[in-house]
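Report on one structure; see the data block that follows.
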Amino acid sequence: MRKKMPVALSNTRSSEMTKLFRDSCNKLARFSSEAFHGVRFLPGSLPVTYFGRLTHPDLRVLTVGLNPSWTEFDETGIVGRSGSGQTVSSLKGCTVDEALKALARQERYFTVKRIEGRPSRYFDRVESFLNLIGASYYESEEHSLAAHVDVLTPFATVQATPIDNADELVLKDGWECFVRVVDEARTACLMIVIGSGMESFSKYGKVRWTAQPPGRWPNFFSIDSFNGRPLRAVGESSWGGQIVMVPPLSEPEIVREVRELLEKWNITFGCPRSPR
(Lines give C-alpha, C1' and ligand atoms only; values in the text may rest on other atoms or scores of the structure.)
Protein backbone atom coordinates (compact mmCIF):
# COMPACT_ATOMS: atom_id res chain seq x y z
CA MET A 1 0.00 0.00 0.00
CA ARG A 2 1.38 3.40 -0.94
CA LYS A 3 2.65 5.60 1.84
CA LYS A 4 0.49 8.66 2.45
CA MET A 5 2.40 11.91 2.45
CA PRO A 6 1.48 14.53 5.05
CA VAL A 7 -0.16 17.69 3.82
CA ALA A 8 0.60 20.99 5.55
CA LEU A 9 -2.43 22.37 7.33
CA SER A 10 -1.74 25.85 5.97
CA ASN A 11 -2.24 24.51 2.44
CA THR A 12 -5.62 22.99 3.17
CA ARG A 13 -7.47 26.11 4.20
CA SER A 14 -9.00 27.69 1.10
CA SER A 15 -10.05 31.28 0.73
CA GLU A 16 -13.61 30.01 0.26
CA MET A 17 -13.63 28.32 3.67
CA THR A 18 -12.06 31.37 5.27
CA LYS A 19 -14.76 33.59 3.80
CA LEU A 20 -17.46 31.12 4.83
CA PHE A 21 -16.20 31.10 8.42
CA ARG A 22 -16.17 34.89 8.62
CA ASP A 23 -19.65 35.09 7.08
CA SER A 24 -20.86 32.49 9.59
CA CYS A 25 -19.44 34.52 12.49
CA ASN A 26 -21.46 37.53 11.38
CA LYS A 27 -24.61 35.43 11.08
CA LEU A 28 -24.09 33.85 14.50
CA ALA A 29 -23.81 37.34 16.00
CA ARG A 30 -27.08 38.34 14.33
CA PHE A 31 -28.94 35.12 15.12
CA SER A 32 -27.81 35.24 18.75
CA SER A 33 -29.39 38.66 19.18
CA GLU A 34 -32.76 37.55 17.81
CA ALA A 35 -35.41 35.13 19.08
CA PHE A 36 -35.85 31.98 17.02
CA HIS A 37 -38.76 30.07 18.56
CA GLY A 38 -36.98 29.18 21.76
CA VAL A 39 -33.65 28.18 20.19
CA ARG A 40 -30.71 29.73 22.05
CA PHE A 41 -27.25 29.67 20.56
CA LEU A 42 -24.37 29.00 22.94
CA PRO A 43 -22.79 32.22 24.23
CA GLY A 44 -19.07 32.47 23.52
CA SER A 45 -19.16 29.75 20.86
CA LEU A 46 -17.87 29.89 17.28
CA PRO A 47 -19.26 28.46 14.04
CA VAL A 48 -17.97 24.95 13.36
CA THR A 49 -18.04 24.62 9.60
CA TYR A 50 -16.39 21.19 9.66
CA PHE A 51 -14.15 18.88 11.69
CA GLY A 52 -11.09 17.19 10.17
CA ARG A 53 -8.93 17.44 7.05
CA LEU A 54 -11.63 18.56 4.63
CA THR A 55 -9.42 19.20 1.60
CA HIS A 56 -6.82 16.49 2.21
CA PRO A 57 -6.21 14.54 -1.06
CA ASP A 58 -6.95 11.24 0.73
CA LEU A 59 -10.38 12.35 2.01
CA ARG A 60 -13.09 9.94 0.84
CA VAL A 61 -15.91 10.05 3.42
CA LEU A 62 -18.00 12.79 5.03
CA THR A 63 -20.10 11.99 8.08
CA VAL A 64 -23.08 14.34 8.36
CA GLY A 65 -24.64 15.33 11.68
CA LEU A 66 -27.15 18.00 12.73
CA ASN A 67 -25.21 20.77 14.51
CA PRO A 68 -22.18 21.08 16.80
CA SER A 69 -22.63 19.99 20.40
CA TRP A 70 -22.41 22.56 23.20
CA THR A 71 -19.91 20.19 24.86
CA GLU A 72 -17.28 21.04 22.23
CA PHE A 73 -16.90 24.50 23.75
CA ASP A 74 -15.46 23.55 27.12
CA GLU A 75 -12.35 24.76 28.89
CA THR A 76 -10.06 22.45 26.89
CA GLY A 77 -10.08 24.89 23.98
CA ILE A 78 -9.79 22.42 21.10
CA VAL A 79 -12.36 24.31 19.04
CA GLY A 80 -11.80 27.84 20.35
CA ARG A 81 -14.25 30.47 21.54
CA SER A 82 -15.37 34.02 20.80
CA GLY A 83 -14.91 37.02 23.05
CA SER A 84 -12.16 39.24 24.40
CA GLY A 85 -8.84 37.39 24.46
CA GLN A 86 -10.31 34.34 22.69
CA THR A 87 -9.71 32.84 19.22
CA VAL A 88 -12.11 35.36 17.68
CA SER A 89 -12.40 38.58 19.66
CA SER A 90 -15.65 39.72 18.02
CA LEU A 91 -18.06 37.69 15.91
CA LYS A 92 -19.07 40.81 13.99
CA GLY A 93 -15.48 41.68 13.18
CA CYS A 94 -13.74 38.33 12.67
CA THR A 95 -10.45 38.98 10.86
CA VAL A 96 -8.79 36.75 8.27
CA ASP A 97 -6.05 35.79 10.75
CA GLU A 98 -8.64 34.86 13.40
CA ALA A 99 -10.58 32.80 10.88
CA LEU A 100 -7.42 30.94 9.85
CA LYS A 101 -6.61 30.14 13.49
CA ALA A 102 -10.14 28.89 14.10
CA LEU A 103 -10.08 26.73 10.97
CA ALA A 104 -6.73 25.27 12.03
CA ARG A 105 -8.38 24.16 15.27
CA GLN A 106 -11.23 22.54 13.32
CA GLU A 107 -8.76 20.69 11.09
CA ARG A 108 -6.72 19.42 14.04
CA TYR A 109 -9.79 18.41 16.03
CA PHE A 110 -9.50 14.63 15.68
CA THR A 111 -5.70 14.64 15.90
CA VAL A 112 -5.75 16.60 19.17
CA LYS A 113 -8.50 14.39 20.57
CA ARG A 114 -6.38 11.31 19.95
CA ILE A 115 -3.05 12.76 21.11
CA GLU A 116 -4.53 14.07 24.34
CA GLY A 117 -6.68 10.99 24.92
CA ARG A 118 -9.98 12.86 25.09
CA PRO A 119 -12.95 10.55 24.46
CA SER A 120 -16.01 11.62 22.49
CA ARG A 121 -19.11 9.51 22.97
CA TYR A 122 -20.47 10.61 19.60
CA PHE A 123 -17.40 10.51 17.39
CA ASP A 124 -15.91 7.40 19.01
CA ARG A 125 -19.06 5.47 18.06
CA VAL A 126 -18.97 6.83 14.50
CA GLU A 127 -15.25 6.04 14.24
CA SER A 128 -15.98 2.41 15.14
CA PHE A 129 -18.45 2.24 12.28
CA LEU A 130 -16.08 3.95 9.83
CA ASN A 131 -13.40 1.37 10.63
CA LEU A 132 -15.82 -1.38 9.64
CA ILE A 133 -16.04 0.01 6.09
CA GLY A 134 -12.34 0.88 5.84
CA ALA A 135 -12.41 4.58 6.77
CA SER A 136 -11.29 6.70 9.73
CA TYR A 137 -11.20 10.27 11.02
CA TYR A 138 -7.47 9.70 11.62
CA GLU A 139 -4.78 9.53 8.94
CA SER A 140 -3.36 6.03 8.54
CA GLU A 141 -2.12 3.65 5.87
CA GLU A 142 -4.93 1.20 6.65
CA HIS A 143 -7.97 3.46 6.28
CA SER A 144 -9.36 6.06 3.91
CA LEU A 145 -9.75 9.49 5.50
CA ALA A 146 -13.07 10.88 6.79
CA ALA A 147 -14.18 14.34 7.98
CA HIS A 148 -17.37 15.62 9.58
CA VAL A 149 -19.85 18.37 8.66
CA ASP A 150 -23.26 19.35 10.06
CA VAL A 151 -26.29 19.92 7.87
CA LEU A 152 -28.78 21.91 10.00
CA THR A 153 -26.46 24.69 11.15
CA PRO A 154 -22.77 25.21 12.04
CA PHE A 155 -23.87 26.82 15.34
CA ALA A 156 -24.03 25.16 18.75
CA THR A 157 -27.12 25.62 20.91
CA VAL A 158 -27.31 25.62 24.69
CA GLN A 159 -27.72 22.26 26.39
CA ALA A 160 -30.93 20.36 25.56
CA THR A 161 -32.09 22.93 22.98
CA PRO A 162 -33.34 21.08 19.85
CA ILE A 163 -32.00 22.79 16.73
CA ASP A 164 -34.87 21.26 14.72
CA ASN A 165 -37.11 23.98 16.24
CA ALA A 166 -35.03 26.79 14.79
CA ASP A 167 -36.48 29.42 12.49
CA GLU A 168 -36.64 28.63 8.78
CA LEU A 169 -34.05 31.35 8.13
CA VAL A 170 -31.52 29.58 10.36
CA LEU A 171 -32.06 26.15 8.79
CA LYS A 172 -31.97 27.47 5.23
CA ASP A 173 -28.73 29.28 5.98
CA GLY A 174 -27.38 26.08 7.53
CA TRP A 175 -28.13 24.17 4.34
CA GLU A 176 -26.33 26.75 2.21
CA CYS A 177 -23.31 26.55 4.52
CA PHE A 178 -23.39 22.75 4.32
CA VAL A 179 -23.40 22.78 0.50
CA ARG A 180 -20.42 25.15 0.38
CA VAL A 181 -18.43 22.91 2.71
CA VAL A 182 -19.29 19.73 0.79
CA ASP A 183 -18.32 21.41 -2.49
CA GLU A 184 -14.90 22.06 -0.98
CA ALA A 185 -14.44 18.36 -0.13
CA ARG A 186 -13.71 17.55 -3.75
CA THR A 187 -12.24 14.07 -3.22
CA ALA A 188 -15.13 12.77 -1.06
CA CYS A 189 -17.24 10.05 -2.67
CA LEU A 190 -19.58 9.04 0.18
CA MET A 191 -21.66 10.85 2.80
CA ILE A 192 -23.02 9.01 5.84
CA VAL A 193 -26.04 11.00 7.03
CA ILE A 194 -26.86 10.52 10.71
CA GLY A 195 -30.34 11.09 12.10
CA SER A 196 -32.97 13.60 10.99
CA GLY A 197 -30.54 15.54 8.82
CA MET A 198 -31.96 13.53 5.92
CA GLU A 199 -34.98 15.84 5.94
CA SER A 200 -32.85 18.86 5.03
CA PHE A 201 -31.65 17.07 1.89
CA SER A 202 -35.23 16.62 0.75
CA LYS A 203 -36.51 20.06 1.79
CA TYR A 204 -33.69 22.40 0.82
CA GLY A 205 -31.69 20.37 -1.69
CA LYS A 206 -34.67 18.80 -3.46
CA VAL A 207 -32.81 15.50 -3.12
CA ARG A 208 -34.90 12.38 -3.53
CA TRP A 209 -33.80 9.48 -1.37
CA THR A 210 -34.16 5.93 -2.70
CA ALA A 211 -35.57 3.42 -0.23
CA GLN A 212 -33.45 0.29 0.00
CA PRO A 213 -35.00 -3.21 0.04
CA PRO A 214 -36.58 -3.92 3.44
CA GLY A 215 -34.27 -5.61 5.90
CA ARG A 216 -33.33 -5.18 9.53
CA TRP A 217 -33.57 -1.38 9.14
CA PRO A 218 -36.80 -0.54 7.23
CA ASN A 219 -36.02 3.19 6.89
CA PHE A 220 -32.69 2.77 5.10
CA PHE A 221 -32.17 5.18 2.17
CA SER A 222 -29.52 6.25 -0.33
CA ILE A 223 -28.85 8.82 -3.06
CA ASP A 224 -26.66 8.40 -6.14
CA SER A 225 -25.47 11.99 -6.62
CA PHE A 226 -25.40 15.35 -4.87
CA ASN A 227 -25.34 18.89 -6.22
CA GLY A 228 -24.39 17.76 -9.70
CA ARG A 229 -21.50 15.46 -8.76
CA PRO A 230 -21.23 11.69 -8.27
CA LEU A 231 -21.26 11.91 -4.48
CA ARG A 232 -23.26 9.06 -2.93
CA ALA A 233 -25.00 9.14 0.43
CA VAL A 234 -26.57 6.65 2.83
CA GLY A 235 -28.84 7.41 5.74
CA GLU A 236 -31.28 5.87 8.17
CA SER A 237 -33.73 7.96 10.16
CA SER A 238 -32.99 6.36 13.53
CA TRP A 239 -29.18 6.52 13.39
CA GLY A 240 -29.05 9.64 15.53
CA GLY A 241 -30.32 7.63 18.48
CA GLN A 242 -28.45 4.45 17.59
CA ILE A 243 -25.07 6.13 17.92
CA VAL A 244 -25.45 7.31 21.48
CA MET A 245 -27.67 4.47 22.66
CA VAL A 246 -27.90 0.72 22.18
CA PRO A 247 -27.58 -0.83 19.63
CA PRO A 248 -24.74 1.22 18.09
CA LEU A 249 -24.37 2.26 14.47
CA SER A 250 -21.84 -0.54 13.99
CA GLU A 251 -24.44 -3.25 14.53
CA PRO A 252 -23.80 -6.01 11.94
CA GLU A 253 -27.08 -5.47 10.05
CA ILE A 254 -26.29 -1.81 9.38
CA VAL A 255 -22.70 -2.60 8.38
CA ARG A 256 -23.90 -5.31 6.01
CA GLU A 257 -26.37 -3.01 4.27
CA VAL A 258 -23.84 -0.22 3.85
CA ARG A 259 -21.20 -2.62 2.55
CA GLU A 260 -23.64 -4.00 0.00
CA LEU A 261 -24.35 -0.50 -1.27
CA LEU A 262 -20.65 0.31 -1.51
CA GLU A 263 -20.11 -2.86 -3.53
CA LYS A 264 -23.01 -1.91 -5.81
CA TRP A 265 -21.48 1.55 -6.30
CA ASN A 266 -18.00 0.07 -6.84
CA ILE A 267 -16.63 2.11 -3.92
CA THR A 268 -13.72 0.68 -1.96
CA PHE A 269 -11.88 2.24 0.95
CA GLY A 270 -8.97 1.00 3.06
CA CYS A 271 -8.85 -2.26 5.04
CA PRO A 272 -12.25 -2.73 6.71
CA ARG A 273 -12.29 -4.19 10.20
CA SER A 274 -14.45 -7.26 10.74
CA PRO A 275 -17.55 -6.82 12.95
CA ARG A 276 -17.27 -8.49 16.33
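Structure summary
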| quantity | calculated |
| --- | --- |
| Count of region 104-121 residues which are farther than 21 Å from Pro57 by Cβ, within 16 Å of the chain's Cα centre (by Cα) and outside any helix (DSSP H, G or I) | 1 |
| Pick from region 48-89, criterion in a loop (DSSP other than H, G, I, E, B) and touching a Gly at 6+ places or on another chain (Cβ under 8 Å), ranking: surrounded by the most Cβ atoms within 10 Å (Cβ to Cβ) | Asn67 |
| Breaking point among (1) among the hydrophobic types (A, V, I, L, M, F, W, C); (2) farther than 28 Å from Ala233 by Cα; (3) surrounded by fewer than 21 Cβ atoms within 10 Å (Cβ to Cβ), for Ala104 | (2) |
| Test result for Asp124, surrounded by fewer than 12 Cβ atoms within 10 Å (Cβ to Cβ), of a type outside the set (Gly, Ala, Ser) and assigned to a helix (DSSP H, G or I) | no |
| Exclusive hit being modelled with pLDDT of 95 or more and buried (at least 19 other Cβ atoms within 10 Å of the Cβ), set Phe21, Phe110 | Phe21 |
| Within region 24-47, considering residues that are polar (S, T, N, Q) and not in a helix (DSSP H, G or I), the one modelled with the highest pLDDT | Ser45 |
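The values are calculated or read from the model by the stated rules, or taken from the named source; none is laboratory data. In this text the structure is predicted, and so the values were computed from the model without any measurement. When we count neighbours, we look across all protein chains shown, and the Cβ atoms used for this are built from the backbone with ideal geometry, even at glycine.
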